[in-house]
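Here is the structure we will look at.
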Amino acid sequence: MLKPALLIIAGRIAGFIAAFITPLILVRIFDVATFGTYKQWFLLYITLLTITQIGMSESLLYFLPKADGEAGRYVMNSVLFLAGVGAAAAAALVLNADAIARWMSNPALEALIPLLALYLLLMQASIGLETVMTARSAYRSAALTYAVTDVMRALFLIVPVLIAPSLRALLHGAVAFAALRVLYTAHYFWRTFGPGFRPDARCFVRQLAYALPFALAVFASIAQENLHQYAVSGLFDAATFAIYSVGCLQIPLVDLVATTVCNVMMVGMTTAIHDGRESQVIDLWHDTVRKLALGFFPLAGLLLIVARDLVVMLFTETYLASVPILMVGLSAVVVASIPIDGLLRVYAKTNVLLAINLVRLAMIALLIQWAIRSFGLVGAILVTMFALTIGKAIGLAAAASLWRVGVGRLLPWRALFLIAVVSLAAAMPALAVSYGLQAAPAIRILAIGAAYGVAYATLALSAGLVSSHERAAASQLLGKLQFMLPVRYQHKPS
C-alpha cells in the first residue's frame, strides 16, 4: 500500500501548493467582504458537489477492482447519473438564487449563482476521473492527473483576477477550467474502455443498491461538517464569515494524504476479501492508521505552535481573530488518522455511516447556538470537533463488532501511544525557539518547523516507529520522479 499511496501523494504535491496559494493571493486582492463572498460561493459548491454525487463516484472504488469486463459500464452509468443530477441541481440553484442569497445574509451572492450552477454541472460530470484511475490501480496516471488538474485550476482562477480584479472574472475562469476537464474526461474514458463504455441497467441497479444508503450517509456527513459554517454565515455578515472561514483553514496536505491513503487502503482491502485473504484486512487497517498517525500527530503539534504566525503570514494581521478558531480546529488533523469511513465502505456498511453522521448532525444542530452564545465564534468549531470525535468512536465500535475483536485489537494502540509521546517531546525544542525568537512570521515558522522536524525525525527513528522497509520505499520513490513521465518513456530492463 505504501508505494501507490506515496506515488499519488507525490503527484498531488504540485496541486497542493497551487490550491494552498490561491486564497493567499486572493485575500490580498479582495477586501474582507468580497473574500467572504468568494468563500461562501465555494462553500456552496463543495457542499452541493459532494451531496449530488449520491455515492456514484465513490461506488467505483467498490465495483471496479472486481468488475472485469463490465468496468466501462459501471463508469458510464456513473457519468450519466452524475451529469443528470448535476443538471437538476444547477436548475434548482438558478431558480432559488434570491432565496439562497438571503439565507446566507449576502445579497451579492445572487448574481453569482448562475455561474455556480454551470461550474457545478461541469465538475459533476467529470468528478470520477481520478477515482477510476485509482480503482483500476493506474496510480501513475492518477498522480499525474491530480497534479495537472490542480495546477490548471489554480491558474484559471488566479490569472483572470490579475487581469481584471473582480470576483466575476475568477468565476468565469473556473467555468472555463471545468469545461476543459469535461472534454478530457470523456476522451480518457472512451480511450480506456472503448465499446465497453456504455450504460447497463443491471450494473446500474447494483450501483444504486450500494450508493443510495451511502448517499444518505454523505448527505448527513456534509450537513454536519458544514453546518457550523452555514450557521455563522446566517448569523453574521460576510466579513465576520471571512474571519471564521480563515479559522476553519483546511490544510490541503491533510486531505490529500488522508484521501489517497484511504482510497488505496479500500482497494487493497476489497481485493484481499475478494481473494479470500480476509485475515489480512485488520493488519492493513493497523498499518494504515499507524502511517497516518506518523504524519498527522506531529503536524497537528507543529501547527498549534505556529498558529498565530501562520495566520499572519498567510492572511495578514487583519485575520488575527481567526487564530483561536484554527487552534481548536486542528484536533481534526489528529482524528483524521482513523479513516473509519473508508473501512465501513469496504464492507458496504453505509447504514452505519448514515447513523454516525445523523448523530453528529443532531449534536451540532442542538448545541451550536448555545455554543456560539457561550464562546463566540470559537463555540461553533468546538461543538463541531466534539461531534467529530464522538462519530469516530461510534465507527470504531461498529468495526469491533464487525470483526468480533476487543478494544485491544481495534487499533495499533502501542504505536499510537509512542507516536503521541514522540510528538509531544519534539514540541519542547520547538516551543523554546518560539519563545526565544523574535522575527517575521515566515522566519519564525521556518525556524520552529526545523526544530520540531529534526527533533521528531530523530526521536521517531530512535524509537523504531519507521520500519526499514518504509524508509527504503520512501527514499526510492521520492528519489525518482518517473511518476511524471508517461509509461512508454520509462526505461524497462531487457
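The values are calculated or read from the model by the stated rules, or taken from the named source; none is laboratory data. From a predicted model like this one, the values you see are computed outputs, not experimental measurements. Cβ coordinates were reconstructed from backbone atoms using ideal geometry, including for glycine residues, and neighbour counts include every protein chain displayed. Ligands, DNA and RNA are stripped out before the accessible areas are found, and what is left, the full protein with its side chains, is counted by its heavy atoms. Shrake-Rupley method; radii C 1.70, N 1.55, O 1.52, S 1.80 Å.
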Quick check on region 111-195: take the gyration tensor over C-alpha atoms, sort the square-rooted eigenvalues as a ≥ b ≥ c, and tell me if it's rounded (a/c under 1.5), prolate or oblate. prolate
Please give, to one decimal in nm, the separation of the simple spin-label points placed at Val159 and Ile46, each 7 Å out from Cα toward the Cβ. 2.5
Result for region 109-184: accessible area per residue, probe 1.4 angstrom, in square angstrom, of 37
Please compute the length gained on full extension between Glu110 and Ala440, using 0.36 nm multiplied by the number of residues separating them and subtracting their Cα-Cα distance. 114.8 nm
Apply the Karplus parameterisation 6.51 cos²θ - 1.76 cosθ + 1.60, with θ equal to phi minus 60°, to every residue of region 202-210 and state each ³J(HN,Hα) to the nearest whole Hz, in sequence, with x for glycine and proline. 5, 5, 5, 4, 4, 4, 5, 4, 7
Place a label point 7 angstrom from the Cα of Ser374 along the Cα-to-Cβ direction, then list the residues of region 230-249 whose backbone nitrogen is under 18 Å away. 232
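Express the carbon and sulfur contribution to the solvent-accessible surface of region 80-221 as a percent, rounded to the nearest whole number, probe 1.4 angstrom.
In region 80-221, the share of accessible area belonging to carbon and sulfur is 73 percent.
Relative contact order, percent, of the chain when contacts are C-alpha pairs under 8 Å separated by at least 6 residues?
On the way: 623 pairs, mean separation 99.4, N = 494.
Value for the chain: 20 percent.
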Karplus ³J(HN,Hα) for region 321-327 (6.51 cos²θ - 1.76 cosθ + 1.60, θ = phi - 60°; Hz, whole; x = Gly/Pro) runs 5, 7, 4, x, 5, 4, 5
Take each of the peptides 444-452, 291-299, average the number of other beta-carbon atoms within 10 Å over its residues, and list them starting from the highest. 291-299, 444-452
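With contacts defined as alpha carbon pairs under 8 Å and 6 or more residues apart, what's the relative contact order of region 320-392 in percent? The partial results should precede the final answer.
On the way: 48 pairs, mean separation 31.0, N = 73.
The value is 42 percent.
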What's the carbon and sulfur percent of region 12-72's accessible surface, probe 1.4 angstrom, rounded to a whole number? 63
Accessible area (Å², per residue) of region 263-381, counting only protein heavy atoms and a probe of 1.4 Å: 38
With the full set of protein chains in place, find how many percent of the accessible area of region 332-413 is carbon and sulfur; take the probe as 1.4 Å. 69
What whole-number distance in Å separates the alpha-carbon centres of region 299-377 and region 40-83? 26
Leu24 paired with Leu461, simple spin-label distance in nm, labels 7 Å along Cα-to-beta-carbon: 2.8
For region 359-367, what does the Karplus curve 6.51 cos²θ - 1.76 cosθ + 1.60, with θ = phi - 60°, yield as ³J(HN,Hα) per residue in whole Hz, taken in order and with x for Gly and Pro? 4, 5, 4, 5, 4, 5, 4, 6, 9
Per residue accessible area of region 13-61, 1.4 Å probe, in Å²: 31
Taking the Cα centre of the chain as origin, sum charge times position over the Cβ atoms of Lys and Arg (+1) and Asp and Glu (-1), and report the length of that vector in debye to the nearest 20. 920
Run lengths n ≥ 4 of DSSP H only: what is the helix-derived mean residue ellipticity at 222 nm for the chain, with -39500 (n - 2.57) per run over all residues, to the nearest 500? -27000 deg cm²/dmol
Rank by packing, highest mean first: peptides 351-361, 384-394, with packing defined as the count of other Cβ atoms within 10 Å averaged across residues. 351-361, 384-394
